[in-house]
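Below you'll find the structure, written out as structure tokens, and then a few comments.
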Amino acid sequence: MLKLLRLDYLKVKNYRPFWVLNILYMFLVVSVPISLLEFLKWLKMKGAEFEGFDPMKIPILFFPDIWQNITYFYTLPIFLIFLGIVVIITISNEFSYKTVRQNIIDGLDRTDFIKSKLLMIGVLALASTLVVFVTCLISGLIYTPDLDMGDVFNGMEFIFAYFLYVILYLVLAFLLTVYLRRSALTIFLLMLYRPIEGVLIAIATKYDVDFITDYLPLQAASRMIEVPFPRYWFQEITDYVPLVPTLVVCAYIVLFVYLISLRLKKSDL
Amino acid sequence: METVLRIEHLVKKYGRITAVNDLSLEVPAGTVFGILGPNGSGKTTTLGIILDVINRTGGEYYWFEKKPDKSIRKRIGAILETPIFYPYLTAVQNLKIVAQIKDLPDPDINGVLKKVELYDRRHDRFKTYSLGMKQRLSIASALLCNPDVMILDEPTNGLDPQGIAEIRELIKQIALDGKTIILASHLLDEVQKVCTDFCVLKQGSMIYSGKVEDVSSGVAMVEVRVPSGDIGEVLSGFEGATKVERDIHGYLVTMQPEKSAVDLNKYLFEQGITVSHLLTQKKSLEKQFLELLAESDHA
């Protein structure tokens, strides 16, 4: 396994787009708490009144709320697409350069190839989870006024949910690449995918079968981290990671990997 | 003699098209085995199957009398069609990837690059290379694992005459090291110059297989010219001929094995004909190849 990891490291080590996109994503991650704070400051400056409440006192960036608030942002497709593009271009390169073919001629087998790409996805997901975790932790430590250590790690399950979300999203990107092979088309489809689910949800709701929408891949994934903000106008929200969507996400990851290997084992390279 | 590769009744179908049709062959160790055939005759498809990048429809193949797996491919140096490398990486970086795949703990990257004369360009990216350099890099990559078997698919494709000569020289050297080489080509000349054994493919079927020296030495053709007159009929009466053709300047007589120009000359003299020109040609592989293709059309 370490060998496969090293192999993919050799492939991307000198591939600039890989590093540029990853670093861009990192910047985005770090920028979220800063821009949120700037937004609150702006609200305050504009004199927005929350029934006499100071916007800076909304505990968006306070422990324990911060875990859910911020991971919610990070799982928006607009952020994830950066990592998705990294996965799509590195894998579709292998097809367009035909290097996957030469790799196999040289002594890899198709399962090794899939494993090496899944490992890369795993490493990307772990690294970005780490960045997210550190960003949340530091922001929380800076902004929480009355720091109670008990609260700090309360809600950290959202970090785990984020990790699963990223894995699902990137495996979906892998799946689309394997079936479409062209990077531009794949990136386009990956961007369109969430809106497509949105349309399906609208249709399902219209015909009163909206219970099935919870079983769509990205919808299930976003159910793991519910929109947290209504709680600040006193609505009930799911402030934990519910079990069923988590299981659905895991099931989709397994299904996608299965479909990837089905396709790669059958195709002539 | 040990058999390096054995193919039994290999079949590959693309929908209704049969690319490889019931192909069986054996490659003995230490040979330079040529797979000859026109474009689209199934050479690359066959090589793709035995290297596991193309799925077969039917049949079996064995490397070193064993069922194929990836550990065997790690001991084979192979290039299919065009040289394939990561364009954004240098020669050294690309070969490191090959070494990583082939589990080579201490690959002699500089050594193989010197052998193919790419050492000076080793830190340049692959995409900046000329076609000849790319071809040479693939040979370097195939040599990297010091393989028992090398598979080369059209290794001189697109090269200038000097490049072709260099690559052929390289192949001969490698063969002298005792390695088995499987070489696919549509260039007969190439097969004749470097191979010891060969087979001919046409539309996925094997139509001939044998040793290169046998075909080059067996049948002879005799060019005959007379000062004047039509001797076509007289020549047709010669029992030692299998075929008589009219040429621009004279006649081409294909001899039966065992028969030679001496027999022909004697016969013509007996018929009262004296010739002005009598030349024995060894039939070239090219002629035989074209004949084989033509024969299989009639079959």
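The values are calculated or read from the model by the stated rules, or taken from the named source; none is laboratory data. Just so we're clear, the structure is a prediction, and the values are computed from it rather than from any experiment. Methodologically, a virtual Cβ is constructed for each residue, glycine included, from the backbone with ideal geometry; neighbour enumeration extends over all protein chains shown. Side chains are part of the model used for accessible areas, which takes the heavy atoms of the whole protein and leaves out ligands, DNA and RNA. Shrake-Rupley method; radii C 1.70, N 1.55, O 1.52, S 1.80 Å.
Computed from the alpha carbon positions, the gyration tensor of chain B leads to an equivalent ellipsoid with semi-axes of 44, 22, 16 Å, biggest first.
Under the rule a/c < 1.5 gives rounded, and otherwise a/b versus b/c splits prolate from oblate, where does region A:161-202 land using the Cα gyration tensor?
Oblate, since a/c reaches 1.5 and b/c is not below a/b.
Specify whether the C-alpha gyration tensor of region A:125-178 places it in the rounded, prolate or oblate class, a ≥ b ≥ c being the square roots of the eigenvalues: rounded for a/c under 1.5, otherwise prolate if a/b is larger than b/c and oblate if not. Taking the square roots of the gyration eigenvalues as a ≥ b ≥ c, region A:125-178 is prolate. Between helix B:91-101 and chain B there is an angle of about 80 degrees, using the helix long axis and the longest principal axis of the Cα atoms. Separation of region B:81-110 and region A:111-171, taken as the distance between their Cα centroids, equals 35 angstrom. For the residues of B:45-52, the average number of beta carbons from a partner chain within 10 Å of their own beta carbon is 3.
A quarter of the convex hull surface defined by the alpha-carbon atoms of region B:28-169 gives 9.3 nm² as the mean projection.
Think of chain B as having a plus end and a minus end, set by charges on the Cβ of Lys, Arg, Asp and Glu; of B:TYR208, B:MET221, B:LEU183, B:LEU183 sits farthest toward the positive end of this dipole.
Among DSSP beta bridges whose residues both lie in the protein assembly as shown, state the antiparallel percentage, nearest 5.
So the antiparallel bridges in the protein assembly as shown amount to around 65 percent.
Straight-distance candidates among the aspartates and glutamates for linking to A:LYS46, with alpha-carbon spacing under 16 Å and chain neighbours fewer than 8 residues away dropped: A:GLU38, A:ASP54. Each Lys and Arg Cβ is given +1 and each Asp and Glu Cβ -1; about its Cα centre, the protein assembly as shown then shows a dipole of about 660 debye.
The Rg/Rh ratio of region B:19-108, with Rg taken over Cα atoms and Rh as the Kirkwood radius over Cα pairs, comes to 0.99. Shape analysis of region B:219-282 yields a ratio of the Cα radius of gyration to the Kirkwood radius, Rg/Rh, of 0.90.
Loop-located trypsin sites (Lys or Arg not before Pro) across region A:167-268 with a Cβ neighbour count of 15 or fewer within 10 Å are A:ARG181, A:ARG182, with loop assigned by DSSP.
In the protein assembly as shown the Cα-Cα distances spread across 20 Å bins starting at 0 as 17, 36, 25, 14, 6, 2, 0 percent of all pairs. Screening chain A for whole DSSP H helices of 15 Å or more along their axis (Cα) with average Kyte-Doolittle hydropathy at least 1.0 returns A:16-45, A:77-96, A:110-143, A:157-180, A:183-206, A:243-266. Note that region A:2-266 shows a convex hull volume over its alpha carbon atoms of 154 Å³ per residue.
Can you list which of the trypsin sites (Lys or Arg not before Pro) found in region B:1-40 are DSSP loop residues with at most 11 other C-beta atoms within 10 Å? Within region B:1-40, the qualifying trypsin sites (Lys or Arg not before Pro) (loop, at most 11 other Cβ atoms within 10 Å) are B:ARG16. Candidate cross-link partners of A:LYS44 among the lysines, defined by an alpha-carbon separation under 16 Å and a same-chain spacing of 8 or more, comprise A:LYS57.
Each Lys or Arg adds one and each Asp or Glu subtracts one; over the other residues with Cβ under 9 Å from the Cβ of A:PHE63, this totals -3. Taking GluC sites (Glu not before Pro) as exposed when DSSP calls them loop and at most 10 other C-beta atoms lie within 10 angstrom, chain B has its longest site-free stretch at B:66-238. Where does the Debye-calculated log10 I(q)/I(0) of region B:148-225 sit at q = 0.17 Å⁻¹, using only Cα point scatterers of equal weight, no solvent? Log10 I(q)/I(0), no solvent term: -0.76. The residue list B:VAL20, B:ALA165, B:GLN192 was ranked by how far each Cα lies along the charge dipole of region B:3-215 toward its positive end, using unit charges on Cβ atoms, and B:VAL20 comes out on top.
Given axes a ≥ b ≥ c from the Cα gyration tensor, I'd like to know whether region A:111-231 is rounded (a/c under 1.5), prolate (a/b larger than b/c) or oblate. Oblate. Per the accessible-area calculation with a 1.4 Å probe, the total area buried between chain A and chain B rounds to 2800 Å². Near B:GLY42, once Lys and Arg are set to +1 and Asp and Glu to -1 for all other residues with Cβ below 9 Å from its Cβ, the sum equals +3.
Around the Cα centre of region A:2-266, unit charges on the Cβ atoms of Lys, Arg, Asp and Glu (plus for the first two, minus for the last two) sum to a dipole of about 1760 debye.
Bridgeable aspartates and glutamates around B:LYS266 (alpha carbons under 13 Å apart, same-chain partners fewer than 8 residues away excluded): B:GLU239. Considering only B:VAL32, B:HIS9, A:TYR72, and ranking their Cα positions along the charge dipole of the protein assembly as shown that arises from unit charges at the beta-carbon of Lys, Arg, Asp and Glu, the one farthest toward the positive end is A:TYR72. The alpha-carbon atoms of region B:150-299 define a convex hull whose volume equals 153 cubic angstrom per residue. For region A:39-119, the share of alpha carbon pairs falling in successive 5 Å distance bins from zero is 3, 11, 13, 12, 11, 9, 7, 7, 6, 7, 6, 5, 3, 1, 0 percent.
Rounded to 0.05, the FRET efficiency of the A:LEU37 and A:LEU200 pair, given R0 = 51 Å and the Cβ-Cβ distance, is 0.90. Ratio of Rg to Rh for region B:1-61: 0.97 [Cα atoms; Kirkwood radius as inverse mean 1/r over pairs].
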